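Presented below is the structure to which this report refers.
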Amino acid sequence: MIKALYPKTPLFSRECTTALKGIAISLVIFGHRGLIDCGGQWGVHIFLFLSGYGIFKSAQKNGMAAYWRKRLVGVFVPYILFSVFKLGILLVMGEEVGVGKAFCTLMGLDFCLNVDPTMWYITYIFVCYAVFYAAWPLYRRCRVAAFTSTLFVSFVLIAVVGRINIAWNSGAVAWVYFWTFPAGVMLAMHEEKIAGGGYLSNGIRACLCCSAYCGGTYVRCAARIA
């Protein structure tokens, strides 16, 4: 059994997490309205990072018994209610919605068929949840290296799928976000060492390099699309 280690002062308290989510929501809203360049992308990065961090801490503290119930009730059910409402509005307005579009929308899928293209995030976050759920038993068996490697390989594959636009539309640039969720998980897993200054500089260097690369690539992609 792995010994649970919790810093006296978490790097991300509940109040801090709430504030960051508020900033992320603002970035997404302003980004979609064209008021902040790439604001939506950075908002998604924040959400995914906090999700990875929070899910690891929750699993470490409470286990995985209610893992899927929490995700479904907290994320998927609100999405379903919103989607049913939106589909109803579209039908009332006389807009044609095919079976494929309705199915993909209600299931949170994309494949360029969701009536709301911004909802590609639902599929993406549930893929992240599934990868973490599948890899968690390795961590519980004290195989930290195997757990880390599984996350790394899985999210590289997610990046490939996102890059060639198999599951998500090209406008989402989904592959850019491949590193953010696992980065949050890694921070939570090594929080005590990082908080104590064990290898903070290496972690920051890696995150900055990856962030700069992904950000630069996104800007080039956006320029080509424009």
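The values are calculated or read from the model by the stated rules, or taken from the named source; none is laboratory data. All figures in this text were calculated on a predicted structure; none of them were measured in a lab. Cβ: placed from backbone, ideal geometry, glycine included. Neighbour counts: every protein chain shown. Accessible surface is based on the protein model in full, side chains and every heavy atom, while ligands, DNA and RNA are left aside. Shrake-Rupley method; radii C 1.70, N 1.55, O 1.52, S 1.80 Å.
Here are the numbers for the structure shown:
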{"read-out": "Every pair of residues 6+ apart whose Cβ atoms lie under 6 Å, when the first sits in the range 171-185 and is without any contact (Cβ under 8 Å) to a residue 40 or more places away in the chain while the second is assigned to a helix (DSSP H, G or I) and of a type outside the set (Asp, Glu)", "value": "Trp175/Ala159; Trp175/Gly162; Trp175/Arg163; Phe178/Phe155; Phe178/Ile158; Phe178/Ala159; Trp179/Cys210"}
{"read-out": "Which numbered condition Asp37 misses (of (1) surrounded by fewer than 18 Cβ atoms within 10 Å (Cβ to Cβ); (2) farther than 21 Å from Trp175 by Cβ)", "value": "(2)"}
{"read-out": "Which numbered condition Thr148 fails, given (1) under 17 Å from Phe181 (Cβ atoms); (2) not in a helix (DSSP H, G or I)", "value": "(2)"}
{"read-out": "The listed residue being open to solvent by 30 Å² or more (accessible area, probe 1.4 Å), aliphatic (A, V, I, L, M) and closer than 24 Å to Gly171 by Cα, out of Ile122, Ile46", "value": "Ile46"}
{"read-out": "Count - residues of the range 128-174 that are closer than 22 Å to Phe111 by Cα, of a type outside the set (Ser, Thr, Tyr) and surrounded by fewer than 20 Cβ atoms within 10 Å (Cβ to Cβ)", "value": "13"}
{"read-out": "Members of the range 89-106 found to be out of contact with any helix residue (DSSP H, G or I) (no Cβ under 7 Å at 6 or more places or on another chain), open to solvent by less than 60 Å² (accessible area, probe 1.4 Å) and within 20 Å of Ile122 (Cα to Cα), listed by number", "value": "Gly100, Cys104"}
{"read-out": "Hey, Asp110 within 19 Å of the chain's Cα centre (by Cα) and acidic (Asp, Glu) or not", "value": "yes"}
{"read-out": "Qualifying residue in the range 193-203 (condition: modelled with pLDDT under 90 and either crowded, with 17+ Cβ neighbours inside 10 Å or within 30 Å of Gly108 (Cβ to Cβ) (or both))", "value": "yes"}
{"read-out": "Total residues in the range 130-145, condition in a helix (DSSP H, G or I), touching a residue at least 24 places away in the same chain (Cβ under 8 Å) and not β-branched (Val, Ile, Thr)", "value": "5"}
{"read-out": "Looking only at the range 14-40, and only at residues there that are of a type in the set (D, E, K, R) and more than 18 Å from Ala188 (Cβ to Cβ), the one that is modelled with the lowest pLDDT", "value": "Asp37"}
